[in-house]
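The values are calculated or read from the model by the stated rules, or taken from the named source; none is laboratory data. What you see is a predicted model; the values in this text were computed from it and never measured. Note: ideal-geometry Cβ built from the backbone for every residue, glycine included; neighbour counts use all protein chains shown. Each accessible area value is taken on the protein alone, full model and side chains, heavy atoms only, with ligands, DNA and RNA left out. Shrake-Rupley method; radii C 1.70, N 1.55, O 1.52, S 1.80 Å.
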Amino acid sequence: MTRIEFTVEGDLPPKKDGANSMWNKPSEFRRLVRLRSVALQAMDGRTPLASDIVLELEIRCGGSDGDLDNFITGVCDGLQAASRGTPTGELWESESPTIRPDRTIAIQDDAYVLRIVASKSTAAHAENGYSVVLEGRSA
């Protein structure tokens, strides 16, 4: 079993918004870049998880700022490669090839996430941030 832990300070996770792609939204771009960059560093060259995956997500925000389920989906999708044909826009052209949407970062396919434990605290004085713990088996 492989365990990966990381924290993103000063920002919230990317949010998936229904059928609309988050990969091409300027509002989610920065969040996706932060998630993928910090996760890639935490992976430290390890192979992405491919089975028996457990995700723990703890979000801290100074207001409601979105539904917990949208954040969970944003993190799951943000840690795998975007589906082929997903519009990603010009935003990604200046980013490192290692974090671009066509690259898998930490999860090969979120269909293999077996359990999710997630929480969101909305204390008015809280600084935005979130912690992720992933456990699973690599391919």
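Here is the figure for segment 110-139: residues that are open to solvent by 60 Å² or more (accessible area, probe 1.4 Å), touching a strand residue (DSSP E or B) at 6+ places or on another chain (Cβ under 8 Å) and outside any strand (DSSP E or B) total 3. Within the bounds of segment 14-35, is there any residue that is among the acidic types (D, E) and open to solvent by 50 Å² or more (accessible area, probe 1.4 Å)? Yes, some residue in segment 14-35 is among the acidic types (D, E) and open to solvent by 50 Å² or more (accessible area, probe 1.4 Å).
Checking each residue in segment 44-66 for being under 13 Å from the mean Cα position of the chain (by Cα) and surrounded by fewer than 18 Cβ atoms within 10 Å (Cβ to Cβ) picks out E56, E58. Restricting attention to segment 74-98 and to residues that are among the aliphatic types (A, V, I, L, M) and surrounded by fewer than 21 Cβ atoms within 10 Å (Cβ to Cβ), the residue that is nearest to the chain's Cα centre (by Cα) turns out to be A81. Looking only at residues in segment 23-82 that are among the aromatic types (F, W, Y) and not in a loop (DSSP other than H, G, I, E, B), the one that is farthest from Q108 (Cα to Cα) is F29. In summary, I107 fulfils each of the numbered conditions (1) open to solvent by 40 Å² or more (accessible area, probe 1.4 Å); (2) over 13 Å from P14 (Cα atoms); (3) at pLDDT 90 or above with the single exception of condition (1). The numbered conditions (1) outside any helix (DSSP H, G or I); (2) modelled with pLDDT of 95 or more; (3) out of contact with any Pro (no Cβ under 9 Å at 6 or more places or on another chain) are all true for S96 except (2). The sole residue among L49, L32 that is modelled with pLDDT of 95 or more and touching a strand residue (DSSP E or B) at 6+ places or on another chain (Cβ under 8 Å) is L49.
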